[in-house]
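The values are calculated or read from the model by the stated rules, or taken from the named source; none is laboratory data. This one's a predicted model, so the numbers in the text were calculated from it and none came from an experiment. Note: ideal-geometry Cβ built from the backbone for every residue, glycine included; neighbour counts use all protein chains shown. Ligands, DNA and RNA are excluded from the accessible area calculation, which covers all protein heavy atoms including side chains. Shrake-Rupley method; radii C 1.70, N 1.55, O 1.52, S 1.80 Å.
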Amino acid sequence: AHVNLMPLTAFAFVEQDAVVAGLGEDELSGSPEVWLIMTEAVGGTLNEPKGSWRERLVDVHARVDVLTKVAEALVFMHASGVAHLDVKPPNVLLGSGLEVWLADLGLASPVRTAAGSALPSAVRGGGTPGYMAPEVEGVVSVPDGVRVRADVFSFGVTLLEALGGLSARGIQSGTVFT
């Protein structure tokens, strides 16, 4: 585990007839689900328009510190053989102090598929338009050699948004530079 990856506090299997935290039967899906319980990120995310992070981190050095922690989490993931594949401001969560967590590993996949593995050499595509690297946008599967580069591209767009106030859509279309 890495200090800047969202920690998993607990997990639970929820059955159809379970009563969980006051949820009524109509709020349960009817099939068993896995619920993940994580630390509450009371400081919001990097994408909140009037978000508390912008008010708390008015100094550019503090913003760079937050983004450095995200980069460190990505380096740790890549060194551990995992690519995130959906790096973006809403997936950067902030605590009440200067805690920073990279979250939402729903698209995470192995950086490289081992030879002879039963896993496919390409993983399902996905991500968020505007944050995806051009070579992965619109593809059905992301090949081995592209996953880390895709994370670096997405982090770069996140960096430009957080430090420069630029939008991902404007960055990719090139309109912010005209």
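Within the full protein context, the accessible area of residue 153 is estimated at about 70 Å² for a probe radius of 1.4 Å. The calculated FRET efficiency for residue 152 paired with residue 48, based on their beta-carbon distance and R0 = 25 Å, is about 0.55.
Please give the FRET efficiency for residue 78 paired with residue 99, using the beta carbon to beta carbon distance and R0 = 30 Å, rounded to the nearest 0.05. Each step should come with its number before you reach the end.
Details: r = 22 Å, r/R0 = 0.72.
My answer for the efficiency is 0.85.
Each of residue 137 and residue 59 was given a label point 7 Å from its Cα along the Cα-to-Cβ line. The distance between the two points is 3.6 nm.
A probe of 1.4 angstrom, applied to the heavy atoms of all protein chains, finds residue 137 with accessible area near 80 square angstrom.
Once the Cβ-Cβ distance between residue 37 and residue 163 is put in as r, and R0 is 35 Å, what FRET efficiency do you end up with, to the nearest 0.05? Don't skip to the answer; put the middle values down first.
On the way: r = 32 Å, r/R0 = 0.93.
Approximately 0.60, to the nearest 0.05.
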